[in-house]
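A short worksheet on the structure shown next.
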Amino acid sequence: GMGVVYRAYDRELKEPVAIKTLKPELLGDATLLERFKQEIRLARRISHPNVVRTHDLGEADGIYFITMEFVEGTSLDELLKRRGSLPLDVTLTVGRQLCRALEVAHGQGVVHRDIKPQNLVVDAKGFLKVMDFGIARLVEGRQPPGQGLTAEGSIIGTPEYMAPEQLMGQPVDGRTDLYATAVVLFECATGKRV
């Protein structure tokens, strides 16, 4: 919701890339700009085939942008809208790939906090990628003092996929993402949200 994503072509590397820009109307908000910068800091900690690779942060003419891997595919959300429920073997494949990505993120102390079908893209071969670390944060104890961007007690995320502790503005950890993963897998298996 903070930015717009474009497909671009890197003339130096001769490959497509995705460019996520911070919406111009948000440029005056220092917290949102810092959150945008935090997205790249946290995403770059995670190197895994099931996570969209983030390349760089830049600024041109006052517009901040992140360059990242371009993934040719469909969001899991769009796939569910078209197909309804998914076959059990496909749901299990989604679950395995998502859990592998989260295992690496959590190993780096990163909690995504917004796992939902819209933030998962599936390519034509069924390979899943987790994207959009825009509201991710480090687990309590790994966050430098005073470095959090979310005020204590505030709620951030997508309510339909949020764990109870996240809904109540309490501290979160990797279990928060696992709760959201379970909601996503329920939706894959049944075609309905909880």
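The values are calculated or read from the model by the stated rules, or taken from the named source; none is laboratory data. Treat the numbers as computed from the prediction; the structure is a model and nothing was measured. We place every Cβ from the backbone using ideal geometry, glycine too, and count neighbours over all the protein chains shown. Ligands, DNA and RNA are excluded from the accessible area calculation, which covers all protein heavy atoms including side chains. Shrake-Rupley method; radii C 1.70, N 1.55, O 1.52, S 1.80 Å.
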Per the filter on segment 54-82, residues in contact (Cβ under 8 Å) with a residue 60 or more places away in the chain and farther than 30 Å from K37 by Cβ are L80
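Listed here are the residues, each with its yes/no results for (1) in a helix (DSSP H, G or I); (2) loosely packed, with under 15 Cβ neighbours inside 10 Å.
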position: H48; (1), (2): no, no
position: E59; (1), (2): no, yes
position: Y64; (1), (2): no, no
position: E72; (1), (2): no, yes
position: L79; (1), (2): yes, no
position: T93; (1), (2): yes, no
position: Q97; (1), (2): yes, no
position: A101; (1), (2): yes, no
position: I115; (1), (2): no, no
Contact list, first residue from segment 170-194 and farther than 13 Å from D77 by Cα and assigned to a loop (DSSP other than H, G, I, E, B), second anywhere and of a type outside the set (D, E) and open to solvent by less than 40 Å² (accessible area, probe 1.4 Å), beta-carbon distance below 7 Å, six or more apart or interchain, is V172/V111; V172/R113; V172/Q166; D173/V111; D173/V139; V194/V183
Output the residue which, of all residues in segment 84-122 that are basic (K, R) and free of Cβ contacts under 8 Å to residues at least 60 places away in the same chain, is farthest from M68 (Cα to Cα). R96
Name every residue in segment 90-134 that is charged (D, E, K, R), touching a Ser or Thr at 6+ places or on another chain (Cβ under 8 Å) and modelled with pLDDT of 95 or more, in order of residue number. K116
Check on L33, part of a helix (DSSP H, G or I), in contact with a strand residue (DSSP E or B) (Cβ under 9 Å, 6 or more places away or on another chain) and crowded, with 20+ Cβ neighbours inside 10 Å: no
